[in-house]
Amino acid sequence: MVSRQSAVARVVSAGCAALALSVSAPAIASTDNASVKVGDVRKAMAALVKSGHVVGAIGEVYVNGKRAGKGSAGSRLLDGDGGAIPSTARYRIGSQTKNMTATAALQLVRSGELKLDDKLSELLPEVAEKDLVERADEITVRDLIKQTSGIPDFLTPDIDPLDSTVTYRPVDLLSASRKRQRPSEIGTFNYSNTNYILIGMIIEKLTGHSLATELKRRIFTPLGMRDTYLPVKAAEGIKGPHGHGYMVDETGKVLDVDKLNATTMLGAGGVISTAHDISAFERAFVQGRLLPDSLSKVITDPAPGQQPPPKGGLCEGNPSFQPRGGSAPGFVAVTYTSPDGKLQFAVSVTVAADDAERGGVGRRVDQALISVFCPASAAG
């Protein structure tokens with residue numbers, strides 16, 4: 001059986017790696033349906049499966065909110081079992097959830113119910129009183145959103161995201177985090193899922209509703225994201241036909257990790273969505289329909305110490321796609337969006353791989369984008 005420490009390390013490294021994706025698409029004079037040339041998405045997904053370690057892949061392209069291409073390849077289960085995965089199937093979006101959680105919190109800032117400079121100890125006195133977060137009286141809402149709090153990640157040997165029989169409370173996650181040494185000073189970027197567990201707790205305290213309810217009320221329902229939800233029960237999995245992901249442990253044994261523990265994800269990485277729905281969210285976010293520009297920049301502007309996205313990209317020309325990614329044992333998910341929000345390419349890949357191999361799959365998802373939007377570069 002895979003060790004807890006190994007499983008945790010893989011979840012953490014996967015989340016960090018997903019944020020590094022950055023690509024560019026060829027020049028497009030406008031993003032009207034008629035002027036955007038979309039390649040064969042099905043062929044791109046088939047290439048992903050053939051590239052190795054991929055069980056199933058689905059992708060959809062949206063232009064001005066309308067689907068302009070779709071495709072799937074591989075199977076729902078390992079070794080070709082379970083039939084094909086429809087491109088409309090639900091999947092885990094991983095750390096793309098953070099953008100949604102931050103958006104809900106910033107909507108509270110917009111309405112005056114919360115301030116970016118509010119201190120964590122004032123909003124959640126219990127975390128200071130019970131010593132669940134070090135220096136809680138210095139950490140602000142802005143620090144949590146931008147991940148400059150210096151709070152350690154809760155994914156430690158005490159927390160097993162692969163065991164869906166245990167229900168972890170947010171306080172359990174904070175307690176696990178508190179046992180670790182602070183990785184950075186306040187004000188310097190350090191990727192930690194604990195930040196977004198705390199943001200979820202703040203949203204719940206201020207609204208009196210669960211984070212799942214607030215995400216549905218503020219984001220999913222208004223944007224018509226009918227197939228999107230945040231699981232809150234440990235063993236609550238993905239509804240409907242979907243692809244299973246697998247992880248290879250130190251002994252070479254392949255483990256089905258479809259039922260990741262939902263209580264270890266929450267506002268940090270727990271949302272389950274579809275290509276249609278995540279495209280709708282990214283389109284609305286980029287176009288300023290969820291937050292004013294001054295607040296959306298709190299999410300999108302690099303934090304001190306955060307590595308900026310690389311210049312240029314995989315294709316010559318513009319526009320440059322803005323990628324949002326997420327991954328964990330068993331899956332990689334990426335949504336690429338044009339700067340004007342009119343073009344999306346949403347991809348979900350289920351894998352049977354160890355951590356290093358899964359990172360390679362993430363890079364090959366970039367190649368899928370190239371083959372769909374930059375055929376000349378793909379051929380070269």
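Odds and ends about this structure:
- Note on the stretch 182-238: residues that are hydrophobic (A, V, I, L, M, F, W, C) and more than 20 Å from Gly326 (Cβ to Cβ) total 5.
- One residue stands out among those in the stretch 217-232 that are surrounded by fewer than 21 Cβ atoms within 10 Å (Cβ to Cβ) and within 17 Å of the chain's Cα centre (by Cα): the one that is farthest from Ala280 (Cα to Cα), which is Val232.
- Take the conditions (1) farther than 21 Å from Gly65 by Cα; (2) at pLDDT 85 or above; (3) of a type in the set (Ser, Thr, Tyr); Ser377 misses just one of them, which is (2).
- Among residues of the stretch 335-360 that are surrounded by 23 or more Cβ atoms within 10 Å (Cβ to Cβ), those with a beta-carbon under 6 Å from a residue that is of a type in the set (Val, Ile, Thr) and assigned to a loop (DSSP other than H, G, I, E, B) at least six positions away or on a different chain give the pairs Leu343/Thr31.
- Restricting attention to the stretch 233-256, the residues that are modelled with pLDDT under 95 and crowded, with 20+ Cβ neighbours inside 10 Å total 1.
- Hey, Arg92 under 23 Å from the mean Cα position of the chain (by Cα) and either over 19 Å from Ile197 (Cβ atoms) or in contact (Cβ under 8 Å) with a residue 12 or more places away in the chain (or both) or not: yes
- Answer from Ala84, Ala136 - the residue that is farther than 30 Å from Glu60 by Cα and either under 19 Å from the mean Cα position of the chain (by Cα) or without any contact (Cβ under 8 Å) to a residue 40 or more places away in the chain (or both): Ala136
- If the condition is being within 25 Å of Gly288 (Cα to Cα) and among the basic types (Lys, Arg), then the stretch 189-245 contributes Lys216, Arg217, Arg218, Arg226.
- Cβ pairs under 8 Å, 6+ apart, first in the stretch 197-226 and outside any helix (DSSP H, G or I), second buried (at least 18 other Cβ atoms within 10 Å of the Cβ) and among the small types (Gly, Ala, Ser): Leu223/Ala280; Leu223/Ala284; Gly224/Ala280; Met225/Ser273; Met225/Ala280
- Complete set of residues in the stretch 154-185 that are under 26 Å from Asp256 (Cα atoms) and of a type in the set (Lys, Arg): Arg169
- For the stretch 292-302, taking the residues that are over 19 Å from the mean Cα position of the chain (by Cα) and not hydroxyl-bearing (Ser, Thr, Tyr), the one that is surrounded by the fewest Cβ atoms within 10 Å (Cβ to Cβ) is identified as Asp293.
- Taking the criterion of being of a type outside the set (Gly, Ala, Ser) and touching a strand residue (DSSP E or B) at 6+ places or on another chain (Cβ under 8 Å), the residues of the stretch 65-87 that qualify are Arg67, Lys70, Arg76, Leu77, Leu78, Ile85, Pro86.
- When the stretch 263-288 is filtered for residues that are closer than 15 Å to Asp160 by Cβ and either surrounded by fewer than 24 Cβ atoms within 10 Å (Cβ to Cβ) or without any contact (Cβ under 8 Å) to a residue 60 or more places away in the chain (or both), only Thr263 remains.
- Residue count for the stretch 13-46, restricted to those that are of a type in the set (Gly, Ala, Ser), within 23 Å of Gly243 (Cβ to Cβ) and at pLDDT below 95: 6
The values are calculated or read from the model by the stated rules, or taken from the named source; none is laboratory data. Note that the coordinates shown come from a computational prediction; the quantities given were computed from them, not determined experimentally. Because the Cβ atoms are built from the backbone with ideal geometry, glycine has one as well, and the counts that use them run over all protein chains shown.
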